[in-house]
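Q: I'd like to ask you about the structure that follows.
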Amino acid sequence: MATEKKTSPVSDVGAWAMNVVSSVGIIMANKQLMSANGYSFTFATTLTGFHFAVTALVGFVSNSTGYTSAKHVPLWELLWFSIVANMSITGMNLSLMLNSVGFYQISKLSMIPVVCVMEWILHSKRYSKEVKAAVVVVVIGVGVCTVTDVKVNAKGFICACVAVLATSLQQISIGSLQKKYSIGAFELLSKTAPIQALSLLVFGPFIDYYLSGRLISDYMKTISSGAIIFILISCSLAVFCNISQYLCIGRFSAVSFQVLGHMKTVAVLTLGWLLFDSELTFKNIAGMLVAVAGMVIYSWAVEVEKAANKSVPLSKHSLTEEELTLLKDGLEKGPIKDPEFGESK
């Protein structure tokens, strides 16, 4: 009889820390790699394909050495998930290209309420008033410190909608697949990474050519050693980023991942100011403080919700080991008799 694994607070904090550090690190590395002042590697979709290729290689080595065990997940579910995940990546890239940075940030903020609605529709999940209020505070805070000019067009709006819906569905699916097949975060990632890597490396160059008007084959002819080093750094950090994302959603929920994930936005703004001389205004600082306050309130609200759920007595759906032993002994001693009619069943 399978038992539900309980995670310790230390490992939970470690998963969040890995995600925040690796996500912020990969953003900083990619900024140096892709900026005009850096190495002008403007092929974001293909780079994501490199990320999943390295992740797939790590997963293959882990399975081959016996460090992780491969569990069965139907191929059609892996293909469906990979399509949704690739739509998320492509949609985000197109949204950033076609829309202003302000509208791009608004579309990312809209993922929190979209995830809430999707979980309510798909899993009948409900949220307390405290959680809803905390989500609103976080959205307002991050919106204040990130949203500037807001310009949108028809194509950009459609791409943003596809990106938000696909990303929200992907994050919900990560948790549901892990629970459905009792599979670990890294095991699931090692199954989906090869499919995503192959598809992104095949179609990525065409998408990047549409986005930037440049061919990656031309760039590779004159690539510098510095660009190669930063590509390798980006791919290495992507492995930890992907693993930690699956770990966090598997342990918590897609909503929690989105809310606390905005810590990365605050960290990126701060590091951009410290390392790249980015402007940090009073509006940015005020927004970050509100966002952090919202994250603290959200953490408190989730704990309150957990405590309330524990206080409600749960109906019994399974037998304990002691009850199974007693039942087995009863079957060995003789047939069970109906207490009302005294007849053997």
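Q: Scan the range 42-51 and tell me whether some residue there is surrounded by fewer than 19 Cβ atoms within 10 Å (Cβ to Cβ), more than 20 Å from the chain's Cα centre (by Cα) and on the phi < 0 side of the Ramachandran plot.
A: yes
Q: Quickly run through the range 94-126 and pick out the residues that are over 20 Å from the mean Cα position of the chain (by Cα) and open to solvent by 40 Å² or more (accessible area, probe 1.4 Å).
A: Met97, Leu98, Val101, Ser124, Arg126
Q: Where the second residue is in a loop (DSSP other than H, G, I, E, B) and open to solvent by less than 20 Å² (accessible area, probe 1.4 Å) and the first is without any contact (Cβ under 8 Å) to a residue 40 or more places away in the chain and aliphatic (A, V, I, L, M) and lies in the range 22-48, which pairs have Cβ atoms under 8 Å and are six or more apart or on separate chains?
A: Note: pairs meeting the criteria are Met34/Phe41.
Q: Taking Val54 as meeting all but one of (1) surrounded by 13 or more Cβ atoms within 10 Å (Cβ to Cβ); (2) within 21 Å of Thr167 (Cα to Cα); (3) of a type outside the set (Ser, Thr, Tyr), write down the number of the exception.
A: (2)
Q: Sort out which residues of the range 190-222 are at pLDDT 90 or above and of a type in the set (Gly, Ala, Ser), and write them in order of number.
A: Ala193, Ala197, Ser199, Gly204, Ser217
Q: Moving to a separate point now. At pLDDT below 85 and within 22 Å of Ala56 (Cβ to Cβ), is that true of Gly250?
A: yes
Q: Going through Ile89, Ile27, Ile83 one at a time, which residue ends up being open to solvent by 20 Å² or more (accessible area, probe 1.4 Å), within 19 Å of the chain's Cα centre (by Cα) and more than 18 Å from Val164 (Cα to Cα)?
A: Ile27
Q: Okay, moving on. Which members of the range 65-80 meet the condition of being closer than 16 Å to Thr167 by Cα and open to solvent by 90 Å² or more (accessible area, probe 1.4 Å)?
A: Trp80
The values are calculated or read from the model by the stated rules, or taken from the named source; none is laboratory data. None of these values were measured; they are calculated from a predicted model. Counting neighbours? That spans all protein chains shown, and the Cβs are built from the backbone with ideal geometry, glycine included. Note: accessible area is taken over every heavy atom of the protein model, side chains too, but ligands, DNA and RNA are not part of it. Shrake-Rupley method; radii C 1.70, N 1.55, O 1.52, S 1.80 Å.
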